[in-house]
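The values are calculated or read from the model by the stated rules, or taken from the named source; none is laboratory data. Quick caveat, the model's predicted, so the values are computed rather than measured. Note that each Cβ is placed from the backbone with ideal geometry, even for glycine, and that neighbours are counted across all protein chains shown. The area values use the complete protein model at the heavy-atom level, side chains included, leaving out ligands, DNA and RNA. Shrake-Rupley method; radii C 1.70, N 1.55, O 1.52, S 1.80 Å.
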Amino acid sequence: MVSALLAGALPRHARAQPDRPLRLVVGFPPGGTLDVLARLVGDGLRRAGTPSVVVENRPGAGSLIAAESVARAAPDGTTLLAAPLVVTSFFPSTHAKLSFDPLRDLVPVAMLGTFRFALAVADSHPARDLAGFVAHVRRNPGRVSFGSVSAGTPSHFLGVMLNRAAGLDMTHVPYKGGAPALTGLLGGEVDAIFDVVTNTVAQHRAGRLRILAVTGAQRSPLLPEVPVFRESGLGLREIDEATLWYGFFAPAGTPAATVERQNREIARVVSDAALRERLDALDIAPAAPEPAAFARFVREDSERWGTVIRATGFKVTD
């Protein structure tokens, strides 16, 4: 129904020309969460009347290669970057030198949705909840470690946030991916890990690990029994407020009218009930603020994460 209404509401001249497909550029290989999301949105746009939508995978450097290509693309409304928050919230602080400015050369078009990270411990860990974990770390300064999926990622800096907010001294152990980090936790190499809910929920349900808390304003539909960090009442500030998200960006110089139209089209697509069911299964909470509101959020979010990142002195090295 939503798709039908959208098709009728959008005049054909307002869409990309039939001989110029709309490219959705994704900085990861096919099959990953962001690739799946881009394809779901692309399918919805096609059903709603966009003549041609192509998902183009340009993996490498955590979306840096894809972001650079979109920043240099023609601002004619035919190219969008499907990006995680790291492009605008992390790259300006984690990279000493960039060939483009993510905040200047990419225009926020639409937030696709938010997702959650989980703090998980092995089932044998003495902590039964977040307060117990914080107390355990305080009793063992310098002797508790947390694993991340890689240095410079949200899972790394969420651990830094928890250290800062709770006055802890956990040691960071970077892995090369979520699977090795999970193996490290279950094998006793680290005391805890931060990873996305979808990568940890199966082991939580199987009783092999325990998820103590998740990020975000609301509990995950996949883990309704697990509280968000804010519910702990510990006043963890930065991590209480931490938001993880995916969004669409256009090259700088794209006309405002085009950005607003694309925002409306994407918002209508993600409001479709069938698509929302798919998003729930991926632990994605749809969010579609207007372009101006999304742009303000992007800049504020870059400063929030940038404060944490800069405090560590971390820089990506080639």
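Values as computed for the structure displayed
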{"item": "Qualifying positions in segment 109-141 - open to solvent by 20 Å² or more (accessible area, probe 1.4 Å) and closer than 17 Å to Glu300 by Cα", "result": "Thr114"}
{"item": "Matching residues, segment 82-139, being touching a residue at least 40 places away in the same chain (Cβ under 8 Å), outside any strand (DSSP E or B) and hydroxyl-bearing (Ser, Thr, Tyr)", "result": "Thr88, Ser89, Ser93, Thr94"}
{"item": "Those residues of segment 251-289 which are of a type in the set (S, T, N, Q) and crowded, with 17+ Cβ neighbours inside 10 Å, in sequence order", "result": "Thr254, Thr258, Gln262, Asn263"}
{"item": "Qualifying position, being buried (at least 19 other Cβ atoms within 10 Å of the Cβ), among the β-branched types (Val, Ile, Thr) and in contact (Cβ under 8 Å) with a residue 40 or more places away in the chain, among Val316, Val226", "result": "Val226"}
{"item": "Pair list, Cβ < 8 Å and 6+ apart or interchain, from segment 195-214 residues that are within 12 Å of Ala118 (Cα to Cα) to residues that are outside any strand (DSSP E or B) and of a type in the set (Phe, Trp, Tyr)", "result": "Leu212/Phe133; Ala213/Phe229; Val214/Phe229"}
{"item": "One residue from Val144, Val173, Val134 being under 25 Å from Pro92 (Cα atoms) and β-branched (Val, Ile, Thr)", "result": "Val173"}
{"item": "Residues of segment 175-208 classified as outside any helix (DSSP H, G or I) and open to solvent by less than 70 Å² (accessible area, probe 1.4 Å), total", "result": "13"}
{"item": "Test: residue in segment 237-250 that is of a type in the set (Gly, Ala, Ser) and surrounded by fewer than 16 Cβ atoms within 10 Å (Cβ to Cβ)", "result": "no"}
{"item": "Residues that are part of a helix (DSSP H, G or I), touching a strand residue (DSSP E or B) at 6+ places or on another chain (Cβ under 7 Å) and open to solvent by 40 Å² or more (accessible area, probe 1.4 Å), drawn from segment 142-174", "result": "none"}
{"item": "Residue list for segment 250-260, filter: small (Gly, Ala, Ser) and either part of a loop (DSSP other than H, G, I, E, B) or touching a residue at least 40 places away in the same chain (Cβ under 8 Å) (or both)", "result": "Ala250, Ala252, Gly253"}
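A quick yes/no check of all residues on (1) in a helix (DSSP H, G or I); (2) within 23 Å of Val228 (Cβ to Cβ); (3) modelled with pLDDT of 95 or more; (4) in contact with a Gly (Cβ under 9 Å, 6 or more places away or on another chain):
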{"position": "Phe248", "(1), (2), (3), (4)": "no, no, yes, no"}
{"position": "Gln262", "(1), (2), (3), (4)": "yes, no, yes, yes"}
{"position": "Glu265", "(1), (2), (3), (4)": "yes, no, yes, yes"}
{"position": "Val298", "(1), (2), (3), (4)": "yes, yes, yes, yes"}
{"position": "Phe314", "(1), (2), (3), (4)": "no, no, yes, yes"}
{"position": "Asp318", "(1), (2), (3), (4)": "no, no, no, no"}
